Amino acid sequence: MILLLSCLGLGACAAPTPAPTTAATASPHIASLTTAVNFFNESPLLAARVAAGDLPPVDQRLPANPMILQPEESVGIYGGTLETPVANLGNRLNVIGYEPLVRWDSQWLRVIPNIAQAVDSSQDATTYTFHLRQGLRWSDGRPFTADDILFWYEAVFTNPELTPMTPGWLSVNGAPVTVETTGSDVVTFRFARPNSLFLSELATSLGTILVRYPRHYLAQFHPSYNPGAAQLVAGAGFASWVELFQSRAGLENLELPTLNAWVIVERGRQIVAERNPYYWKVDTDFNQLPYIDRVVFVQVQSQEEYQALLQDGAAHLVFDNEFTGLSVTETAASLKPVTLVSSYSSAVVIALNLNHPDPLLRQAFQNKAFRIGLSHAINRPGLIADFFDGAGEPYQVAPRPESPFYNEQLARQYTEYDSELANSFLDQAGYAQRDAQGFRLRPDGPRLSFRLETNAARLVPMLEFISQGWREVGVETTVAYYPPDQPQAYADTLFANQHDTYVSEGVGGLDVILQPVYYFPLHPFASWYATGWARWYLNPANPQAVEPPPAVQRQMELFDQVRSTADSDLQLQLMAELLEIAADEFYVMGAVLAPNSRLYTSTNLHNVPPLMPLSVINYPTPAPSNPAQYFITPTAAP
């Protein structure tokens, strides 16, 4: 399902990767203790606290079976502060936090153990039993047990005030998962029907939600566990217990215990995180991780400030283009590049609302010839030249060439820039009539006009470029941008199905099975081009559901079969058929294959892989590369 990075770097692989949907397996970079270890090493900072009586000895802070990480290059040294400049403090916290029950290995090849040291899955993919590491502790030293996961399930997941809508990955055909515990270190998840994708989805950043609710701390804020919780509400200045609980369970709460390698101790102009003395991973020499003492995210508010910080050599981990138009390579050539292999399909996805409330716009958008005409009117070579420095290739929304799911038709069709061909298809679609200014008319007389809507500032100039091309073939479009300070306006428009289009970057380039939202209407809050059809898929009785055409229904049947089987070969066959239908239907249009990007590190930061995938949710870059094993060597004094 996910390709080895060696394949990603060199091109398409002939053999498909094993589907990471079976029980969690071992990894070359992961091991477990099989014999007793009489000693562990620890940071000098923690050793001093042990000597002072502030902490118990390291062997009492680690679980009975800590996870062993094989360092990327070598066993590291303790100490140092890792500094990362960011434009938005919330964007890069994956560096310090990604600890689900199971996780992806660093190559995004398979699901491996993490908090759970072993997983038993039933043959029919309905039951998953996790065996937790005994002796795990939260960052405040209190035990982490199966009761913490049960607390999440009973207090949060099944509480309609805290979880008004069941997440799709935790349900099958609308039936939510059930959770039960057997003792302190065994927890079982049961689905009413097969869900072979559960472990893969659990290994994404979504899976961290299950282990973010320490019962010993949060129960005091929940009325089902503390009858006095209501009295805490008014004293804390909240209007309801729900607001109080969400505040105390939020990552902004510095008191909230965590299982991460570093614990956030300061929030403001910068975020400061310090090593977790109870972190439960060690290296191959039994040194407790992390190596680095502190991680600091420095918020910079201008390109000038960002540039100055890089030139000073203070940054250790830098994401390219944190500020649009400022290249790291031009600013700090001494930094080492790390290639980030994009998991996205197209860098620009235009999704017309096929379930638009205006019946005449809906008729136009559902007309395949109309969509083909618009696609041929996109000047992709010009877009690549003007916005991608001439590097790129025309591409629809499709699995990337490196993927075993690559579909030539889906990826390349209708990408030729040809105004004459575009006009021919638009005429064929029934919109040959024009007004005096040359704009095409709707069947009821007015000019055919709609908006290109996005909340991504970087896409606005590209959409203006595309809009001009469409106006030249007689289709009037305008660009509607929803700035970051108006998130609710954008959300309200989408949720009410009042949008003309949805424009974003296209997921599903590599994580095809985990992110098929552009290949068929999977979920109403992801497949924005057909929310009514997606609602029908989840619940045909929903008043907002719209019965989809037979081809769409066939895709839904196919994906149900994908989720029902753990046979990777059969999954490939089923998804291939699903993608063939997507190619024939041509729901959404793309522009350019999403380019790879780079991460830069200082020359004295080590154990960072030279190549890693780039994703946000499914592979929360760079977390699966195990930043806990990064280390910093001191630089010589000038």
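Quick rundown of the values:
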quantity	calculated
Degrees, to the nearest 10: 460-472 long Cα axis against longest axis of the chain	10 degrees
The chain: angle of helix 550-564 to the longest principal axis, Cα-based, in degrees nearest 10	20 degrees
Per-residue HN-Hα couplings for segment 449-454 [Karplus 6.51, -1.76, 1.60; θ = phi - 60°; Hz; x = Gly/Pro]	8, 7, 9, 9, 10, 7
Residue-count net charge about SER343 - beta-carbon cut-off 12 Å; Lys, Arg +1, Asp, Glu -1	-2
Segment 349-590: antiparallel DSSP beta bridges as a percent of all, rounded to 5	55 percent
Column: log10 I(q)/I(0), Debye, Cα scatterers of segment 438-512, q = 0.11, 0.19, 0.23 Å⁻¹	-0.35, -0.89, -1.07
Formal net charge of residues neighbouring TYR431 (Cβ-Cβ distance under 11 Å; K, R +1; D, E -1)	+3
Charge dipole (segment 349-590, unit charges on Cβ, about Cα centre) - positive-most of ILE372, VAL473, TYR431	TYR431
For the chain, convex hull of alpha carbons as volume per residue, Å³	171 Å³
Sparse-neighbour loop sites [trypsin sites (Lys or Arg not before Pro); segment 505-589; at most 15 other C-beta within 10 Å; DSSP]	none
Gain upon complete extension [ARG458, ALA436; 0.36 nm per residue less C-alpha separation]	4.5 nm
Placed amide H near PHE319: partners under 5 Å, 5+ positions off or other chain	TYR600
Estimated dipole of segment 349-590 in Debye, rounded to 20 [Cβ of Lys and Arg +1, of Asp and Glu -1, Cα centre]	540 debye
Normalised contact order of the chain, rounded percent, pairs of Cα under 8 Å and 6 or more residues apart	21 percent
Principal axis dimensions, segment 498-638 - Cα atoms, whole angstrom, descending	70, 39, 28
Angle in degrees between helix 568-585 and the longest Cα principal axis of the chain, rounded to the nearest 10	30 degrees
Helical mean residue ellipticity (222 nm; -39500 (n - 2.57) per DSSP H run of 4+; nearest 500) of the chain	-7000 deg cm²/dmol
Cα lying deepest toward the dipole's positive end in the chain, options ASN618, HIS216, PRO71, charges on Cβ	HIS216
Segment 531-638, relative contact order in percent, only Cα pairs under 8 angstrom and at least six apart counted	15 percent
DSSP-defined beta bridges in the chain - what % are antiparallel, rounded to 5	70 percent
GluC sites (Glu not before Pro) within segment 152-204: DSSP coil, no more than 12 neighbouring Cβ in 10 Å	GLU161
ALA491 versus GLN363: modelled label distance in nm, points set 7 Å from Cα along the beta carbon direction	3.6 nm
Where Rh is the Kirkwood radius over Cα pairs, Rg/Rh for segment 349-590	0.96
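Quick note: the coordinates plus some simple rules give every number you see, no bench work behind them. None of these values were measured; they are calculated from a predicted model. Glycine also receives a Cβ, built like all others from the backbone with ideal geometry; neighbour counts cover every protein chain displayed.
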